[in-house]
1. When you count, for each residue, the other Cβ atoms within 10 Å and take the mean per peptide, how do A:5-16, A:36-47 rank with the highest first?
2. Percent of alpha carbon pairs in segment A:47-135 separated by more than 17 Å?
3. Across peptide A:68-78, how many C-beta atoms of other chains are within 10 Å of each residue C-beta, on average?
4. Where both residues lie in chain B, what percent of DSSP beta bridges are antiparallel, nearest 5?
5. Note the per residue figure in Å³ for the convex hull of the C-alpha positions in the protein assembly as shown.
6. Relative to the longest principal axis of chain A, what angle (0 to 90°, nearest 10) does the C-alpha long axis of helix A:103-123 take?
7. Using only C-alpha positions, report the orientation-averaged shadow area of the convex hull of segment A:1-91, nm², one decimal.
8. How much of the pair distance distribution for segment B:2-98 lies past 24 Å, counting alpha-carbon pairs only, in percent?
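Laboratory data are not the source of any read-out in this text; all were calculated from the coordinates shown. In this text the structure is predicted, and so the values were computed from the model without any measurement. Cβ: placed from backbone, ideal geometry, glycine included. Neighbour counts: every protein chain shown.
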């Protein structure tokens, strides 16, 4: 009886191009909207996971390996698998629904998400989120 | 031998309670609606038949763990669970939304 699909919850996208990718819920629309009359949420996820960084790597190589490619999407609740993990990254201000309207807004939003996610990855916290789900 | 007798009595009481829920309460039958009820935090108790595919069973249990909702593994397969619900079809999993006059929620979540 606890609401599970809340902002900052880590989820796994199940369908579509990004199936199998981990994402974090930014904003949830439980009762849907006019255009989408079903429960859905805005998620920010990882399109391309960062590679494994080893101690031998030079600074240039670690920088290259720690890159994260991100996506923003409105996903139906049915196409998500919630997990017990959360990701406390502050994306609420930059990631909004109108960022999805035009391509350049989307690209700009993905850039800011990328920065935030990369700095989170570099701190070494939330390691589960940045590992690829093997299936 | 004693254990078998005990499960038979509790098994009948689950059936009685379930019948009361069917009569007086709100419920949904079926995997899709069970997940929907869990997502919207409306489900109060989930009952799963014993021949439910293990992946589906684990998925429902995981959702229920996230929602802190009890899961009861029914002692019978989907045919028996359908009969217990008074339906003429098979029911693999069901979600009780409002127990009505029944005390199934208070007495069941102890066992898993």
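1. A:36-47, A:5-16
2. 57 percent
3. For peptide A:68-78, the averaged partner shielding equals 1.
4. Once the DSSP bridges in chain B are tallied, antiparallel ones form about 65 percent.
5. Once divided by residue count, the hull of the protein assembly as shown is 164 Å³.
6. Its long axis makes an angle of about 50 degrees.
7. 7.2 nm²
8. Of the Cα pairs, 17 percent sit more than 24 Å apart.
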